[in-house]
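The values are calculated or read from the model by the stated rules, or taken from the named source; none is laboratory data. Predicted, not measured: the structure shown is a model, and the values here were computed from it. Reconstructed Cβ throughout: ideal geometry from the backbone, glycine too, with neighbour counts over all protein chains shown.
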Amino acid sequence: MRRTALLALLSHWRHHPFQLLTLVLGLALATGLWSGVQAINAEARASYDRAASALGSDRPVLQAATGTIPESVYIAMRRAGWKVTPVVDGWIEAGEGSVRLLGIDALTAPPDFAPAGSLEGGAAADPLGFLMPPGRMIAAPDTARRLTAKELPPVIVSDAAAPGIVLADIGIAQQLLRLEGQVSRLVLAEESTATLGNPEDFLEGLTLNAPQGSAGLQRLTDSFHLNLTAFGFLSFAVGLLIVHGAIGLAFEQRRPMFRTLRALGLPARTLTGLVAAELASLAVAAGLLGIVLGYVVAAALIPDVAATLRGLYGVPVEGELSLRPAWWGAGMGIALLGTLVAGMGTIWKIARLPVLAPARPRAWARADARLAWAQGAGAALLALVALGARAFGEGLVGGFALLAALLLSAALALPLALAALFGLTARLARGARAEWFWADTRQQLPSLSLALMALLLALATNIGVSTMVYSFRLTFDGWLDQRLVSDLYVTAADAAEAERLRAWLALRPETLLPIWRVDGEILGRPAEVYGVADNPVYPANWPMLEALPDAWDRVRRGEGALVNEQLARREGLNPGDRLTLPGGAVMEIAGIYSDYGNPSGQVAIGLPRLVALYPGVERLRFGILTDTPRELARALTEELGIAEGQISDQASIKAFSREVFERTFAVTDALNVLTLAVAGFAILTSLLTLGAMRLPQLAPVWALGLPRRQLARLELLRTLALAGFTFLLALPLGLALAWVLLTVINVEAFGWRLPMYLFPAEWLRLALFALIAAALAGLWPAFRLTRLAPATLLRIFSNER
Amino acid sequence: MSGPRPTPLLSVSGLTKRLPGADRPVTVLDNINLRIDAGETVALTGESGSGKSTLLHVIAGLEPADDGHIRLDGQDLAALDDTGRAALRRDRIGIVFQQFNLIPSLTVAQNVVFQARLAGRNKASWTAALIDRLGLAEHAAKYPEDLSGGQQQRVAIGRALAPRPALLLADEPTGNLDEATGDAVLDLMLELVSETGAALLMVTHSQRLAGRLSRILHLSHGRIAG
């Protein structure tokens, strides 16, 4: 009995292959975009864990305020019985950027110390080669490809290595980083901390930091991943709208069959079970397709994601994707869950279907007053939730709750708003054709509402995100122009070269501006402290958001500090507050400056004060004010022997920063386009599905004297009108979204608030896109209408329906 | 001695229509010849499948003929393209379908005036009177789905007569109605046809209803009998 009934149920799909395709593709797209985003997130998190292990941040670490610890301290600690291993940490040139070089001592590293562990994959076969000059470097495949400089030791490629980090013996690393006799930090075995007293006593300014694990990196990038997840969820929701529509239509078309099967003796429970099993099988097939699609999406996007995380957060992530069983499982799970969500209503209806329920082929598309009320109430409730989230919500979750409630509320309200709008246009219309056009458009709304909701969400997201990105770009460009005050930047190879540079420039008209900094902790988080030279170029150009009246004088006198916006917002700091710097010095905050793109807190103090507080500060980097940067760069190379790689001009730094910016938002752009494509697909499938069901409404109009060609034109015009009006409603929603992104999400995620700029030309481009997509979606059904045989239309007038 | 016959409103000569069959085309209408003068009411009867509805559809220009000529007011339908045939239907022909085929998105009043307005011949006083005569005044603002079958058929008749067509084609207009309602609908239709001077060609299975029209044509196996 079950087999016979199942075959009867499945025969529907044989007769409606397009509907089957819609269902499977909709679910596959939803699953694909969702699982693609999840794959990217999983890959990034795995990278964070590897990076945390590689940096030794999963153990207690000793660091000095000056940035480096003399090797003699390490030796003294070992002699005192401390189980401690030294690490040298720095950056070396690699390809177009730089990579992090970690020097470790393989002999003293504990066996479970991750960098030593990763040696097994690379250096175990040749331990002497690793230790003895010229040594060996161990790097992940993606990182190894960037190590092309001739002076570097041979590279061993290891899959176990952390992305973006190169491992070498400490002696080799000290040479490459010019840190002979110094180490960056000392990593402690946890058990030794409890028995031998306080390790901070070995050197003044030495601080013991508790293990951080990958939590620091994860916290830093949480916003980015939440952003990706939100996009994935949005695409998933848009895909589910397609699936819901397809399942609902299949149900209504099969209602007579359900009725017959019940009348012939199939119990309701069996029928429900069979339909559920049928949906589950389709979900498995679509899920598999979706996972493959997700892999393709993730593989295509992950290089840009890696670039984003490197550029915006300074976090290393491998630009390659590996297959993880958990991800396959999650993808399949979400496909089944999505099908359950989309088909639950249908299964419920089948379970409660009376045996003699009449066939109502268009009932699924007809909105009754109760449904309209429920939709309106839902929209109002969600609008209240959005208001509540704005008033009382906290953190990123509060921000995203506001976004979700706002978008869903608008989506639910869309059919009601369009119905009201088309009611008005119908009343204002003059002529029978126009009256019919608007009245009929209004009647089509319930059956197109899911696709239109999908379009609204996609368009609003596009407007919101592009407004945010363009505002960011405009602000960032202006900020770069202000902030990069020097015309040329030079990093000396060592202190001697730095001194030669100083002496040489002292005889020339150019001005030398030291750019020196130390890294440390401020209010428990990593931060940078910069020294600012006493030069009018800074007060003239530095982009201040808030400041005491004599801020620069205070900085010059060594009394005041400037803090960046992200530090001020995170810690609730204001001008006039007092701030404890690494090492314990307390200074008054004289001003707050904008510092876009920097993930860390930053403080700027007068240069003499920086040198006084941190005598060990590295003094190698300088900015130079000059009217002839090219000539000066050439002179620096030819006369002082400074390598070209140590000199960069303002224009190339700007170009590089902008490139980082563009790559950062390439992922957002790609997801934007994908979401729009899914929405376009939703409209196409809805229109094609409706094409056949529209005939009973079109045939009488044709019979009464409207030619098929004109009907087709009107059908196309209707699609354009629906897309156009949806765009008009998406515009304020998108701007509201942009406002939330700029004033709530960005502030929570990055710590800075951006001004909002409007880009009408961009809206016009998007409106054209929406209209073109709608025209493409409507063109085929309209073309089919012009080619429709009169016999097909005449069937409407006979009893063959 | 009577004068020459006036030019017929509708003349059909040598009309043949074939439809695709399982093996070869099936001839549904075979060399049909007929003429209908202005103001004449003609019943078209015949068993199921005899081609009555097809003949009506071909005369309305809804389907092309394979052979022969159809002239309405001297205008040969074969010479018209899809747009021309649509214009002819709009301007000269009213059609009443058995399934009513009202436009669900328009109100009763909008449905009645729809074709007249399409043709640019809507006369408010006439359509108002028509709505009143059809007993639809109190339902004018309702939508078709809110009406009974008889009421919907009256809306369909009103829509067909509103532009004052020269020829009214009705395909079993009372086929979905009970006898009493059917009689009432036919009475009203004949009355209005007589007032407007339109000719009526009505397909019906009922000999009783056919007998109330001025002439009966019987279609059998695609040919007019007798």
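Restrict the check to region B:71-80 and report whether at least one residue is without any contact (Cβ under 8 Å) to a residue 12 or more places away in the chain and not β-branched (Val, Ile, Thr). Reasoning before the result, please.
Taking region B:71-80 as the starting set, the residues that turn out to be without any contact (Cβ under 8 Å) to a residue 12 or more places away in the chain are B:76, B:79.
With the extra rule that they be not β-branched (Val, Ile, Thr), the set shrinks to B:76, B:79.
Checked region B:71-80: at least one residue is without any contact (Cβ under 8 Å) to a residue 12 or more places away in the chain and not β-branched (Val, Ile, Thr).
To keep it simple, each residue is scored yes or no on (1) within 14 Å of chain B (Cβ to nearest Cβ); (2) in a helix (DSSP H, G or I); (3) in contact (Cβ under 8 Å) with a residue 24 or more places away in the chain.
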position: A:Thr425; (1), (2), (3): yes, yes, no
position: A:Thr441; (1), (2), (3): yes, yes, yes
position: A:Met453; (1), (2), (3): no, yes, yes
position: A:Ala460; (1), (2), (3): no, yes, yes
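Highlighted here are the helices (runs of 4 or more DSSP H) found entirely within region A:515-615 that include at least 3 residues which are of a type in the set (A, V, I, L, M): A:607-613. Flag not set for A:Arg508, criterion: under 13 Å from A:Gly623 (Cβ atoms) and of a type outside the set (Ser, Thr, Tyr).
Out of A:Pro732, A:Pro790, A:Pro781, one residue alone is farther than 30 Å from A:Leu567 by Cα, assigned by TED's automatic domain parsing to the domain that holds A:Trp702, without any contact (Cβ under 8 Å) to a residue 24 or more places away in the chain and buried (at least 17 other Cβ atoms within 10 Å of the Cβ). It is A:Pro790.
Applying the set (1) under 18 Å from the mean Cα position of the chain (by Cα); (2) in contact (Cβ under 8 Å) with a residue 40 or more places away in the chain to B:Ala86 leaves exactly one unmet item: (2). Residues in region A:590-627 that are within 33 Å of the chain's Cα centre (by Cα) and among the hydrophobic types (A, V, I, L, M, F, W, C): A:Ile592, A:Val603, A:Ala604.
Take A:Phe202 and tell me if it is of a type outside the set (D, E, K, R), modelled with pLDDT of 70 or more and not assigned by TED's automatic domain parsing to the domain that holds A:Thr85.
Numbers: of a type outside the set (D, E, K, R): yes; modelled with pLDDT of 70 or more: yes; not assigned by TED's automatic domain parsing to the domain that holds A:Thr85: no.
Answer is no for this residue.
Going by the structure shown, is A:Leu480 of a type in the set (A, V, I, L, M), within 14 Å of another protein chain (Cβ to nearest Cβ) and either surrounded by 21 or more Cβ atoms within 10 Å (Cβ to Cβ) or touching a residue at least 12 places away in the same chain (Cβ under 8 Å) (or both)?
Details: of a type in the set (A, V, I, L, M): yes; within 14 Å of another protein chain (Cβ to nearest Cβ): no; either surrounded by 21 or more Cβ atoms within 10 Å (Cβ to Cβ) or touching a residue at least 12 places away in the same chain (Cβ under 8 Å) (or both): yes.
Spelling it out, it is not the case that A:Leu480 is of a type in the set (A, V, I, L, M), within 14 Å of another protein chain (Cβ to nearest Cβ) and either surrounded by 21 or more Cβ atoms within 10 Å (Cβ to Cβ) or touching a residue at least 12 places away in the same chain (Cβ under 8 Å) (or both).
If you go through region A:248-280 and keep only what is modelled with pLDDT of 80 or more and either within 34 Å of the chain's Cα centre (by Cα) or not assigned by TED's automatic domain parsing to the domain that holds A:Leu21 (or both), you end up with A:Leu279, A:Ala280.
Evaluate the following for A:Leu382: is it in the same structural domain as A:Leu25 (by TED's automatic domain parsing), at pLDDT 75 or above and within 30 Å of the chain's Cα centre (by Cα)? So A:Leu382 does not fit the description; no. Which of the residues spanning region B:83-106 are part of a helix (DSSP H, G or I) and at the interface with another protein chain (Cβ under 7 Å from one of its Cβ atoms)? B:Thr83, B:Ala86, B:Ala87, B:Arg89, B:Arg90, listed by residue number. For beta carbons closer than 6 Å, sequence separation of 6+ or different chains, a first residue in region A:699-728 that is free of Cβ contacts under 8 Å to residues at least 60 places away in the same chain and surrounded by fewer than 20 Cβ atoms within 10 Å (Cβ to Cβ) and a second that is charged (D, E, K, R) and part of a helix (DSSP H, G or I), the qualifying pairs are A:Pro707/B:Asp82. Which ones in region B:109-134 are of a type in the set (Lys, Arg) and more than 13 Å from every other protein chain (Cβ to nearest Cβ)? Those that are of a type in the set (Lys, Arg) and more than 13 Å from every other protein chain (Cβ to nearest Cβ): B:Lys123, B:Arg133. When region B:26-70 is limited to residues that are of a type in the set (D, E, K, R) and part of a loop (DSSP other than H, G, I, E, B), the one that is nearest to the other protein chains (Cβ to nearest Cβ) turns out to be B:Glu63.
For region A:690-729, give me each residue that is touching a Lys or Arg at 6+ places or on another chain (Cβ under 9 Å), more than 12 Å from every other protein chain (Cβ to nearest Cβ) and more than 12 Å from A:Leu785 (Cβ to Cβ). Answer for region A:690-729, where residues must be touching a Lys or Arg at 6+ places or on another chain (Cβ under 9 Å), more than 12 Å from every other protein chain (Cβ to nearest Cβ) and more than 12 Å from A:Leu785 (Cβ to Cβ): just A:Met693. The one condition from (1) within 14 Å of chain B (Cβ to nearest Cβ); (2) at pLDDT 90 or above that A:Leu448 does not meet is (2).
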